1. With a length cut of 30 Å (Cα positions projected on each helix's long axis) and a Kyte-Doolittle mean of at least 1.0, go through the chain and give me the DSSP H helices that pass.
2. I'm a student and want to see the number: the projected area of the Cα convex hull of the range 1-43, averaged over all directions, in nm².
3. Name the cysteines of the chain that stand alone by the Cβ rule: no other cysteine Cβ under 4.7 angstrom.
4. Under 8 Å for C-alpha pairs, at least 6 residues apart: give me the relative contact order for the chain, rounded to a whole percent.
5. Based on the Cβ-Cβ distance from residue 81 to residue 181, what FRET efficiency comes out when R0 is 30 Å, to the nearest 0.05?
6. Heavy atoms only, probe 1.4 Å: what % of the accessible area of the chain goes to carbon and sulfur, would you let me know?
7. Using only the Cα atoms of the range 350-426, what semi-axes does the equivalent ellipsoid have when each is the square root of 5 times a gyration tensor eigenvalue? Give whole Å, largest first.
8. How high is the FRET efficiency from residue 30 to residue 264, r the C-beta distance, R0 41 Å, rounded to 0.05?
Amino acid sequence: MYSLLPVLNIFSRILIAFAFVFLVPLAWAWSEDHVQYRYVWEGAMAFAAFSGVALWALTRRHTRELQARDGFMLVNLVWTVLPAYAAIPLMFTVPDITWTKAYFEAMSALTATGATSLSGLDTLPISVNVWRCFLQLVGGLGIMLLVVAVLPMLGLGGYQVYKAETPGPMKDAKFTPRISETARGLWSVYFGFSVACLLAYRWAGMSWADAFMHMCTTMGLGGFSSHDASIGFFDSHRVEAVATVFMALAGINFLRYFIMVRSRSIMPVLRDREIQTYVFVLLGSIGLIASLLSVNNVVDSFPEALRTSAFHVLSLATTTGYASTDYTLWPVFAPVLLMFLGCFVSCAGSTGGGIKMVRMVLLVKQARRELVRIIHPRVINPVTMGGAVLPMSVMTATFGFMLIYGATTMGLTMVLLFTGLDIVTAFSAVVATVNNIGPGLGDVGPSSNFGVLNSFQIWVLSFAMLLGRLELLSVLVLFTSRFWKK
């Protein structure tokens with residue numbers, strides 16, 4: 001029988017490290033919040049640290065080298081248990097919040113989904129908004145990569161966790177001899193972009209607090225805001241332009257940036273087929289929606305339509321979820337296209353959600369291959385990527401993922417329909433959470449939030465966010481009997 005104790009031993013040290021993450025909102029609570037909020041953050045930090053120490057004491061004699069399934073178990077523990085700790089301070093600082101909504105909010109933050117169940121964000125203590133947004137920065141590339149990169153003293157074996165955590169179908173590629181070096185490189189690039197984004201938002205007119213919070217949710221592609229009106233609160237073309245640029249940058253594979261820095265050449269980015277398709281789809285979608293808005297007189301001029309289209313296409317396609325206007329009031333083609341883009345546009349290795357552009361590229365290549373094979377049955381026409389022939393195992397994994405993705409989306413939608421939701425709200429809510437987009441359509445559109453749903457529906461969508469963040473298979477493998485056999 002599979003033993004969980006060694007994994008719990010490692011998780012205890014992660015929990016202790018996570019306790020110190022509470023220092024970020026605590027700093028704001030000390031400076032700008034009332035004294036009772038400081039006590040809340042101090043208490044949450046102490047409770048997380050005590051829990052970690054107690055768990056470590058109980059499991060300290062159970063250690064072993066980390067195996068592949070240990071990595072999957074550890075990642076699932078992190079992404080299910082840490083939101084519970086992250087939700088605790090929300091219970092004591094947000095008026096009239098339930099545990100269900102608090103956990104949903106924390107899960108949405110850590111998975112960088114951006115689906116909120118809260119309203120009145122402008123009146124919340126600043127430490128609460130900082131906490132919500134900061135979790136999206138941490139969750140953007142993954143808490144586990146953070147642990148492997150900057151907390152090697154935890155004694156955590158890296159490669160197994162990296163394979164479970166890293167998004168995309170091509171997880172076996174190593175870019176440095178040690179996976180910890182790769183992880184540190186990724187976070188270095190991530191940190192560099194984050195600093196640049198912070199300064200750009202400040203230049204655009206935001207206060208330092210708003211600039212920090214929106215930097216977190218832009219680079220994490222999470223889309224949380226400190227205002228109910230989201231980016232529309234600022235009513236600033238500069239702010240929208242900064243958000244558009246950095247959402248576009250964060251939607252690209254950070255491994256390519258890392259390789260670009262190491263090789264001191266931009267060619268690894270320019271020659272990447274996935275990135276080329278990513279740019280092509282974005283530009284085409286921006287032009288299409290801008291034309292639609294202009295023809296239907298939704299905006300005053302085509303330049304205004306182009307600006308509005310660019311912001312919302314980048315926001316939804318990269319699964320960020322910002323909004324400067326209620327796009328559900330546009331001609332119905334536009335919001336449906338925006339949701340569709342959010343399902344696949346983000347690159348593998350970015351902080352975005354969805355099935356990833358690389359999988360769509362592979363599926364199109366395979367479809368083209370089959371069409372050629374119909375005409376020329378004996379032709380040798382393998383699927384290639386970057387000039388290399390892809391092994392059949394990659395294509396098989398891609399097909400398997402797409403099958404499970406479709407079945408999961410339909411299954412969760414049917415569950416929500418059974419609870420009485422209308423088809424638009426149910427389907428879009430599942431699409432928005434499984435793909436970590438944030439807002440959906442219908443009752444969970446950008447002018448509303450997920451707080452209108454009942455507790456059961458919110459728990460279903462919390463599970464959907466977990467599935468989406470860990471790309472389905474990393475979670476569903478735990479429900480197989482073979483996983484638990486020794």
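1. Long hydrophobic helices here: 68-93, 273-295, 392-418.
2. The orientation-averaged projected area of the Cα hull of the range 1-43 comes to 3.5 nm².
3. Lacking a cysteine Cβ partner under 4.7 Å: 197, 343, 347.
4. 17 percent
5. With R0 = 30 Å, the Cβ-Cβ based efficiency is 0.60.
6. Of the solvent-accessible surface of the chain, carbon and sulfur hold 66 percent.
7. Rounded to whole Å, the semi-axes are 34, 15, 10.
8. Given R0 = 41 Å and the Cβ-Cβ separation, E is 0.45.
The values are calculated or read from the model by the stated rules, or taken from the named source; none is laboratory data. The structure presented is a predicted model; accordingly, all values stated were derived computationally and were not measured. For neighbour counting, all protein chains shown are included, and Cβ atoms are generated from backbone atoms with ideal geometry for every residue, glycine included. Areas reflect the complete protein model, heavy atoms only, side chains present, ligands, DNA and RNA absent. Shrake-Rupley method; radii C 1.70, N 1.55, O 1.52, S 1.80 Å.
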